[in-house]
Amino acid sequence: MKATDSGLTGKHSRRSFLCSAAAGALGLAGGTVSRTSSAAFAAPPVPAAPPKVLVGAHPWVYAATLPGYDITPALPQIFADMHYAGMDGVELMHTALRPDDAVARIGELSQKHRLPVIGTSFGGAMWNRAQHEAVLEDAELVVTRLAKLGGRTLGVSVGQAPKKKTEEQLDAQAGLLRKIIALCEKNGVVLNLHNHTYEVADDMHDLKGTLARIPDVKLGPDLNWLLRGKVDPAAFIRRYGRQIVFLHLRDQKKDGRWSEALGEGDMDYVEIAKALREAGFQGDAVIELAHERDFTPTRPIRESLKMSREFVRKVLGY
């Protein structure tokens, strides 16, 4: 959810009205107003409204327990739970958009729960030229259907190679990303680079390789994956803040295991909040819970989502 200029006209009109009213009142009093006295009676500046950051959730915690990570059968529960938790919107997984009836079915759930579709995550082996045609075809299907649902963000993972990516592989990756960026722009969708650990490992070799080739690409960092990739999330925000339009939020404990809900771990979200304020972040913040494979939840997912939403409101101010 991006801040817009929709309120500027109203603010300027109100300011002009107040100034005119003040001058008119002085005129009716019969006095001659000097520039100095006129300035004294001018309306004070109207403070700008704080940027609205939309807080949503991603359904990975559901997908992790489903065959093939397909959330399609769980969509009714996902929308109901996220509405209960007080989310502003839902970020989908791109596999949910592949069925022929996806737009109608997801649109009905979105309307029923008054929960807009923010966007979707998307991934493919973009470094592998042999897979470019298939990945681009999949992207076209996903992006066009996402746009029909009113979604506006595409969080892209570029795929992990067996070894550290070569310059040629990074060239291939950037070439396909440019095509998907153009596809997104055509459909009113903004692409952002979503990282796992492999993009930021080895001193961010993969991500820096992409940024060297597409310097102005938008970023959608997963703050917990940054930490697991040995990158300080707050430092990353301070360095790349002007390009960050999207966030994935998750938490982990000191032993490195994920906490059940955001706020139950030990990540320094107070410092992260400070860095986001310094960067003037105005994008979307999406909660993406995850549990270790051997973890048994102690409460329903909807309760952990609700706790996470309250933590974001309290600590990040969104």
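The values are calculated or read from the model by the stated rules, or taken from the named source; none is laboratory data. Because the structure is a prediction, the values reported are computed rather than measured. Reconstructed Cβ throughout: ideal geometry from the backbone, glycine too, with neighbour counts over all protein chains shown.
Descriptive notes on the structure:
- Checking Met87, Met82 one by one, the residue that is assigned to a loop (DSSP other than H, G, I, E, B) and either within 20 Å of the chain's Cα centre (by Cα) or not assigned by TED's automatic domain parsing to the domain that holds Met307 (or both) is Met87 and no other.
- Scan of segment 61-79 for residues that are in a loop (DSSP other than H, G, I, E, B) and within 22 Å of the chain's Cα centre (by Cα), ordered by number: Ala64, Asp70, Ile71
- Helices (runs of 4 or more DSSP H) completely within segment 150-262 that count 3 or more residues being under 19 Å from the mean Cα position of the chain (by Cα) and either of a type in the set (A, V, I, L, M) or crowded, with 21+ Cβ neighbours inside 10 Å (or both): 167-186, 223-228, 233-240
- Complete set of residues in segment 273-318 that are β-branched (Val, Ile, Thr) and either within 14 Å of the chain's Cα centre (by Cα) or surrounded by fewer than 20 Cβ atoms within 10 Å (Cβ to Cβ) (or both): Val286, Ile287, Thr296, Thr298, Val312, Val315
- Test: residue in segment 135-147 that is over 26 Å from Asp70 (Cβ atoms), hydroxyl-bearing (Ser, Thr, Tyr), assigned by TED's automatic domain parsing to the domain that holds Leu247 and modelled with pLDDT of 95 or more: no
- Just one of the listed residues (Val270, Val315, Val286) is touching a His at 6+ places or on another chain (Cβ under 6 Å) and either β-branched (Val, Ile, Thr) or part of a helix (DSSP H, G or I) (or both), namely Val286.
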